[in-house]
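Trainee: Just passing along the structure, written as structure tokens.
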Amino acid sequence: MGFFNRKKKVQTEEEKEVFVEELPREETETKAEADTNARAQESNGQEGTFSPQAMRIFPPQAKLPEDGDAEKLLSFLVDKHREENNQKSMASVLSALPPAKFWVPMRILLHKEDMERIQTAGQGERVMPQKPVRFTADILKNGDGKSFFPVFILAEDIPEEYHRKFQWTQLYSGHCLGNVVRNEKLSGLVINPFTSGLVLPREMLMKIITVRDQKPEETEAQE
């Protein structure tokens, strides 16, 4: 899979052939995209997690929709930067980020009680979560052990084998960059990790994006 490898994990219940019902399906989406991206920041006390109500979720077997013009332009500029590899080509990539969305691989997070129910379930048994279901983005590690937030510009950029292992959602690039800036454990964001593998270091992102963690009421009080 190239320079980046998936983070190795201890064998979990995911490897058991237990069917989990009542998870968000392809039609799950918010009332408005603006509200989607605002709510996608919510963590309910769990850093780096996302509520299924805050995203449109596509299960592993689903066919992802065709990408838009903003994504196709960004894809073109990333390929161009790969060839030219200079400041001008990188500036073009950065300038095309704001309107574009990324495909983000998501892992299902279940409540401890639901996890225990799955672990004790019989082979082929169907289990329905009783507690709220949340998601967390997959993390990739390079050969040096550094962690990166992986994103894909176009659906066709996602390797089929990798696609089958995750739920998928689209998030605006600004929110993906913001998640990296907020998380000191991440070394950066990697675009199309298994092909072009363009890395945007966290230090670079901190210079081009302002993360607002202050609550609106606190801002008003200062005014």
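The values are calculated or read from the model by the stated rules, or taken from the named source; none is laboratory data. In this text the structure is predicted, and so the values were computed from the model without any measurement. For neighbour counting, all protein chains shown are included, and Cβ atoms are generated from backbone atoms with ideal geometry for every residue, glycine included.
Trainee: In the set Val190, Val181, Val211, which member is at pLDDT 95 or above and of a type in the set (A, V, I, L, M)?
Mentor: Numbers: Val181 fails: at pLDDT 95 or above; Val211 fails: at pLDDT 95 or above.
Every option except Val190 fails the conditions.
Trainee: Could you list all residues from the range 83-102 that are within 23 Å of the chain's Cα centre (by Cα), part of a helix (DSSP H, G or I) and not small (Gly, Ala, Ser)?
Mentor: Across the range 83-102, the qualifying residues are Met90, Val93, Leu94.
Trainee: A further question on this structure: For Arg56, state whether it is assigned to a helix (DSSP H, G or I) and of a type in the set (Lys, Arg). Give the derivation first.
Mentor: On the way: assigned to a helix (DSSP H, G or I): no; of a type in the set (Lys, Arg): yes.
The answer is no for Arg56.
Trainee: Sticking with this one: Listed residues Leu154, Leu109; which is hydrophobic (A, V, I, L, M, F, W, C), modelled with pLDDT of 95 or more and over 12 Å from the mean Cα position of the chain (by Cα)?
Mentor: Leu154 is the lone residue from the list that is hydrophobic (A, V, I, L, M, F, W, C), modelled with pLDDT of 95 or more and over 12 Å from the mean Cα position of the chain (by Cα).
Trainee: State which residue is nearest to Met55 (Cα to Cα) when the search covers only the range 148-176 and only residues that are touching a Leu at 6+ places or on another chain (Cβ under 7 Å) and of a type outside the set (Val, Ile, Thr).
Mentor: Step one: filter the range 148-176 for residues touching a Leu at 6+ places or on another chain (Cβ under 7 Å), giving 148-151, 153, 155, 168, 173, 176.
Subsequent filtering for residues that are of a type outside the set (Val, Ile, Thr) retains 148-150, 155, 168, 173, 176.
Working: Phe148: 21, Phe149: 18, Pro150: 17, Ala155: 17, Trp168: 9, Ser173: 14, Cys176: 13 Å.
Checking each candidate, the answer is Trp168.
Trainee: Could you list, in sequence order, all residues of the range 103-130 that are assigned to a loop (DSSP other than H, G, I, E, B), surrounded by 15 or more Cβ atoms within 10 Å (Cβ to Cβ) and hydrophobic (A, V, I, L, M, F, W, C)?
Mentor: Taking the range 103-130 first, the residues assigned to a loop (DSSP other than H, G, I, E, B) are 110-111, 120-125, 128-130.
From what's left, surrounded by 15 or more Cβ atoms within 10 Å (Cβ to Cβ): 110, 121, 129.
Across the range 103-130, the qualifying residues are Leu110, Ala121.
Trainee: A follow-up question, please. Going by the structure shown, is Leu64 surrounded by 14 or more Cβ atoms within 10 Å (Cβ to Cβ), within 22 Å of Val199 (Cβ to Cβ), at pLDDT 85 or above and hydrophobic (A, V, I, L, M, F, W, C)?
Mentor: Working: surrounded by 14 or more Cβ atoms within 10 Å (Cβ to Cβ): yes; within 22 Å of Val199 (Cβ to Cβ): no; at pLDDT 85 or above: yes; hydrophobic (A, V, I, L, M, F, W, C): yes.
Answer is no for this residue.
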